[in-house]
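Worksheet for the structure shown next.
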Amino acid sequence: MSQSNENVPVDEQSAREVEEAGLRLGLVDTSDAEAFDKWIRADFRGFHGGAPSKEVLEESRGHLADRRTTAVYDDGIPSKEPVGTVNSWIAPLTVPGGARVNSWAISSVTVAPTHRRRGIARALLGGELRAAHRLGVPLAILTVSESVIYGRWGFGPATFVSEWRIDTKRVRWAGGPTVGRLSFTEPEEYRETGRAVLDAVMAARPGEIGLSAHLADRLIGPLKSSDNPERYRLVRYDSPTGEPEGFVSFGVKGHDDFVRHTVEVNHLAAATDEALTALWRFLLELDLVSEVRAFTRGVDEPLPALVSDVRGAAVASIEDHLWVRILDVPAALTARTYEHDGELVLDVTDDLGLAGGRYRLSVTDGVATVTETTDAADVTLPVASLGSVYLGHDFARALGVAGKIEGDVLALDRLFRTAVPPRLSTWF
């Protein structure tokens, strides 16, 4: 089947569900500025953002116009703004082995607090999954503001991120000599180069996604909707031979004591270890700074080995980040490779009836074949748990302890887990 999200109609089941609640489900014509602005305002409101200015609305229309944009309306309210929002698009997801698999990326899921408990979220999420399933997209993905919501639709947490706080008055660089060239640059001058760097980074690590221009540009430098855009700085890294291989975008927050500024990293992208170490060293050795804060880093970030005092570089938190929902078990499992060979019969349960079944997974030389079977299951698991282990994260054993995977959990873990954990280093 075609894997384009253009002109995908609203889901009929979801439309009936919201109609029964006295509401209306519809696609937003993103070429209609007035209608699109109402949707954007509702989206900002849903995440407690400030009312967008005309400049922000114009920028948002340009960035989001290519997404499939859906709204729930209460035609009885005067404002005519949506009371529920969601948008989606097909994004390439890097999976173990390096393949980039089409996934249905879902974002901007909001429900107006005036219209809670009327089935809006159920209709929006169910409709997105059914639409993706009809198109033959093998999995859906999203990043979440709340981790208690999406399991009911069969999503499972598949990557985790770390937040770091580094006391730069306490630590010294211990990572050895660094090479290459660092230089300040302006976002507008670096856009094209920065997008290419980001594409290389995203293609190299399971869990990362291919970025639209909008998603890339907000990592490179501030958008009109960014807080304190005047404080953003951008430093690029080029290899000794002049190849662009990384950058860091950051802001500096003041302090009553002028030598104790705080640096907040907007994004650090490194396509090579040389870029990673050079950019970290730059951040840790900034003058007049006492703390560096970095977010959405991998759980295997090498910072403890790069500083003289391990306790001076502390993990402030580790949180779930990318959630995966399998929609086609054979297509998803054969798209990735495996670091160990083996065979398992998986009994996958799915309350939504999209991907359940019993499958024999056979891996030879890292390549999988998947066939339906009636043989006894080695492992029984809900589709959400399959999504959690799909990208290679070390999560199967915890899910087994919790009773969310039954059977030979260790065999499942050995087969699916990867030596390098998956990572998603941005939000969408």
Sole exception among (1) crowded, with 19+ Cβ neighbours inside 10 Å; (2) more than 20 Å from Val111 (Cα to Cα); (3) free of Cβ contacts under 8 Å to residues at least 60 places away in the same chain for Phe36, by number: (2)
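Being under 26 Å from Ile90 (Cα atoms) and surrounded by 19 or more Cβ atoms within 10 Å (Cβ to Cβ) is the requirement here; does Val367 meet it?
Numbers: under 26 Å from Ile90 (Cα atoms): yes; surrounded by 19 or more Cβ atoms within 10 Å (Cβ to Cβ): no.
No; evaluated as a whole, the condition is false for this residue.
Quick check on this structure: which one of Gly392, Gly387, Gly356 is touching a Ser or Thr at 6+ places or on another chain (Cβ under 8 Å), within 21 Å of Ser103 (Cα to Cα) and buried (at least 20 other Cβ atoms within 10 Å of the Cβ)? Spell out how you get there, then give the answer.
Numbers: Gly387 fails: touching a Ser or Thr at 6+ places or on another chain (Cβ under 8 Å); Gly356 fails: buried (at least 20 other Cβ atoms within 10 Å of the Cβ).
Result: Gly392 is the single residue among Gly392, Gly387, Gly356 that is touching a Ser or Thr at 6+ places or on another chain (Cβ under 8 Å), within 21 Å of Ser103 (Cα to Cα) and buried (at least 20 other Cβ atoms within 10 Å of the Cβ).
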Close pairs (6 angstrom Cβ cut-off, 6 or more residues apart or separate chains): of a type in the set (Phe, Trp, Tyr) in the stretch 226-238, outside any strand (DSSP E or B) anywhere: Tyr232/Gly221; Tyr232/Pro222; Tyr237/Gly180; Tyr237/Ala275; Tyr237/Ala278; Tyr237/Leu279
Enumeration of residues in the stretch 36-76 that are of a type in the set (A, V, I, L, M), touching a His at 6+ places or on another chain (Cβ under 9 Å) and not in a helix (DSSP H, G or I): Val72
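Within the stretch 167-209, which residues are part of a loop (DSSP other than H, G, I, E, B), surrounded by 15 or more Cβ atoms within 10 Å (Cβ to Cβ) and at negative phi?
Here is the first cut: in the stretch 167-209, the residues part of a loop (DSSP other than H, G, I, E, B) are 168-172, 174-180, 185-186, 204-208.
Those left that are additionally surrounded by 15 or more Cβ atoms within 10 Å (Cβ to Cβ): 168, 171, 175, 178, 180, 185, 205-208.
Across the stretch 167-209, the qualifying residues are Thr168, Val171, Gly175, Thr178, Thr185, Arg205, Pro206, Glu208.
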Filtered residue count, the stretch 134-152, keeping only those that are polar (S, T, N, Q) and not in a strand (DSSP E or B): 2
Failed criterion for Gly98 (all others in (1) in a helix (DSSP H, G or I); (2) touching a Pro at 6+ places or on another chain (Cβ under 9 Å); (3) surrounded by fewer than 18 Cβ atoms within 10 Å (Cβ to Cβ) hold): (1)
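Out of Val292, Val348, I need the residue that is closer than 19 Å to His133 by Cβ and not in a loop (DSSP other than H, G, I, E, B). Which one?
On the way: Val292 fails: closer than 19 Å to His133 by Cβ.
Result of the check over Val292, Val348: Val348.
Report yes if Arg293 is over 30 Å from Leu381 (Cβ atoms) and in contact with a Lys or Arg (Cβ under 6 Å, 6 or more places away or on another chain), otherwise no. It would help to see each step written out before you state the result.
Details: over 30 Å from Leu381 (Cβ atoms): yes; in contact with a Lys or Arg (Cβ under 6 Å, 6 or more places away or on another chain): yes.
Here the answer is yes, as Arg293 does meet what is asked.
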Residues of the stretch 354-394 that turn out to be among the polar types (S, T, N, Q) and out of contact with any strand residue (DSSP E or B) (no Cβ under 7 Å at 6 or more places or on another chain), as a count: 1
Residue in the stretch 143-166 that is surrounded by the fewest Cβ atoms within 10 Å (Cβ to Cβ), counting only those that are among the hydrophobic types (A, V, I, L, M, F, W, C) and out of contact with any helix residue (DSSP H, G or I) (no Cβ under 7 Å at 6 or more places or on another chain): Val148
Index of the failed condition, Glu17 passing every other in (1) in contact with a Gly (Cβ under 7 Å, 6 or more places away or on another chain); (2) outside any helix (DSSP H, G or I): (2)
Candidate set: the stretch 110-126, residues that are free of Cβ contacts under 8 Å to residues at least 60 places away in the same chain and surrounded by fewer than 24 Cβ atoms within 10 Å (Cβ to Cβ); chosen: the one nearest to the chain's Cα centre (by Cα): Ala121
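Is it the case that the stretch 71-92 has a residue that's closer than 18 Å to Arg116 by Cβ, acidic (Asp, Glu) and over 24 Å from the mean Cα position of the chain (by Cα)?
Residues of the stretch 71-92 that are closer than 18 Å to Arg116 by Cβ, as a first pass: 71-74, 76-77, 79, 81-86.
Filter once more, so that each one left must be acidic (Asp, Glu): 74, 81.
Within this subset, residues satisfying the condition of being over 24 Å from the mean Cα position of the chain (by Cα) are 74, 81.
Yes: the stretch 71-92 contains one or more residues that are closer than 18 Å to Arg116 by Cβ, acidic (Asp, Glu) and over 24 Å from the mean Cα position of the chain (by Cα).
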Unmet requirement for Ile405, which otherwise passes all of (1) of a type in the set (Val, Ile, Thr); (2) under 20 Å from the mean Cα position of the chain (by Cα); (3) surrounded by 15 or more Cβ atoms within 10 Å (Cβ to Cβ): (2)
Selection from the stretch 329-344 of residues that are assigned to a strand (DSSP E or B) and not hydrophobic (A, V, I, L, M, F, W, C): Gly342, Glu343
Every pair of residues 6+ apart whose Cβ atoms lie under 6 Å, when the first sits in the stretch 133-148 and is under 9 Å from Leu327 (Cβ atoms) and modelled with pLDDT of 95 or more while the second is among the small types (Gly, Ala, Ser) and not in a loop (DSSP other than H, G, I, E, B): Pro138/Ala331; Pro138/Ala332; Leu139/Ser103; Leu139/Ala332; Ala140/Ala132
Some residue of the stretch 395-407 being at pLDDT 95 or above, on the phi > 0 side of the Ramachandran plot and touching a strand residue (DSSP E or B) at 6+ places or on another chain (Cβ under 8 Å): yes
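The values are calculated or read from the model by the stated rules, or taken from the named source; none is laboratory data. Computed from a prediction, not measured in an experiment: that's the story for all the values here. For neighbour counting, all protein chains shown are included, and Cβ atoms are generated from backbone atoms with ideal geometry for every residue, glycine included.
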